[in-house]
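Asker: If you scroll down you'll find the structure; I have some questions about it.
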Amino acid sequence: MPLFAKKKIDIKSQRSQTALSQNETSYFGKNLTIKGRVSGNGNVIIMGGFDGEFNLRGRVKIAQPAKIKGEVKADVISVNGSVEGRLAAQQRLHLDKTARIEGQIVTPKLSIAEGAFFDGEITMSGRSAQASKPDAADAAPAPQKPGPSGPDQK
Amino acid sequence: MQKVKTADSTSLVSKNVRIEGEIQGPENLHVEGYIKGAIALSGNIFVGNTGIVEADLEAKNIVIQGEVTGNVKAHQQLEIHPSGKLIGDCTAASIDIKEGAVFEGRSIMIRSARPQSGSNSPPSANAAPTAG
């Protein structure tokens with residue numbers, strides 16, 4: 001699958017386990033409407049309508065015809081379609097030029113292409129995002145700045 | 001009633017993915033993961049070997065290789081493979097249950113859309129048998 005061919009996973013050994021399931025790409029076609037909750041491991045491409053909560057260990061691609069309402073949580077999220085609600089990426093998030101977002105974004109790494117529509121609020125520090133990902137603290141402790149930090153917090 | 005265009009694309013729910021809720025639309029669906037809720041499609045549903053579905057299903061053709069718990073309605077054909085398991089009632093115009101398959105429930109045949117001599121035409125074709 002060339003869609004996720006980019007293998008730039010140098011995060012942690014834990015993360016490479018999700019890469020094992022790379023072949024398992026679910027595909028929700030453009031005529032499909034899903035209401036409810038999606039969870040699990042693997043990659044997902046959404047072309048259709050989705051209303052509800054998305055919680056996935058893996059990559060989510062929200063393609064151009066897709067219309068999402070609700071919350072999307074995944075390791076990597078890339079958006080070409082429209083989203084109304086909250087997007088939370090553990091690793092990174094990309095908004096392509098056809099993306100249309102109304103709502104909140106939580107991600108440590110963000111890229112937005114020219115032409116993307118974004119109305120809302122971005123949170124990039126892991127701390128305020130902790131409410132939604134309880135295991136974020138031990139799963140990926142401070143991905144950047146490997147310099148020696150203070151001995152303890154006050 | 002307007003018949004929606006036949007589904008041309010097939011959606012896939014892969015092994016480690018779980019959906020709880022409602023799924024609908026003119027689309028084919030291949031399930032290798034877990035679905036709980038309800039599925040109503042005008043295309044076909046294929047529940048693969050690793051697929052587990054706890055939902056009411058409605059589709060044109062339904063093929064079960066995995067496990068389905070719920071009521072199933074196939075406007076054309078229901079097929080249960082040797083590895084397949086259906087716990088629930090089925091409504092179909094035609095049923096094909098292979099040796100080794102598990103089926104627990106009632107079966108109701110759709111009589112109006114009786115398939116004629118192996119033809120695979122959609123029910124809408126039978127509904128309007130106008131003379132030429």
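No value in this document is a laboratory result; all are computed from the given coordinates. Just so you know, these numbers come straight off a predicted model, no measurement behind them. Methodologically, a virtual Cβ is constructed for each residue, glycine included, from the backbone with ideal geometry; neighbour enumeration extends over all protein chains shown.
Asker: Within the set A:K61/B:K36; B:K15/B:K98; A:K35/A:K61; B:K36/B:K73; A:K35/B:K36; B:K15/B:K85, which residue pairs have Cα atoms separated by over 21 Å?
Answerer: Beyond 21 Å: A:K61/B:K36; B:K15/B:K98.
Asker: Once label points are set 7 Å from the Cα along Cα→Cβ at both B:N49 and B:M109, what is their separation, rounded to one decimal in nm?
Answerer: Result for the modelled spin labels: 3.3 nm.
Asker: Quick one: give the max-minus-min coordinate of the C-alpha atoms of segment A:15-125 along each principal axis, largest first, in Å.
Answerer: 33, 33, 22
Asker: While we're here: Over segment B:29-121, what relative contact order in percent results from Cα pairs under 8 Å that are six or more residues apart?
Answerer: It rounds to 19 percent for segment B:29-121.
Asker: Need one value for A:37-43: mean number of C-beta atoms belonging to other chains within 10 Å of its residues' C-beta atoms.
Answerer: Going residue by residue through A:37-43 and averaging, the value is 6.
Asker: Taking beta carbons within 10 Å but only from partner chains, what does the mean come to for residues B:28-39?
Answerer: Counting Cβ atoms of other protein chains within 10 Å of each residue's Cβ and averaging gives 3.
Asker: Suppose the chain between A:F117 and A:Q104 were pulled fully straight at 0.36 nm per residue; how much longer would it get relative to their current alpha carbon spacing?
Answerer: 3.4 nm
Asker: If you average 1/r across every pair of different Cα atoms in segment B:10-112 and take the reciprocal, what Kirkwood value do you get, in Å?
Answerer: So the Kirkwood estimate lands at 12.9 Å.
Asker: Still on this model: First select every other residue whose beta carbon is under 11 angstrom from the beta carbon of A:F118; then total the charges, Lys and Arg +1, Asp and Glu -1.
Answerer: Value of the local net charge: -2.
Asker: Other chains' Cβ within 10 Å of A:56-64 residues: what's the mean?
Answerer: 1
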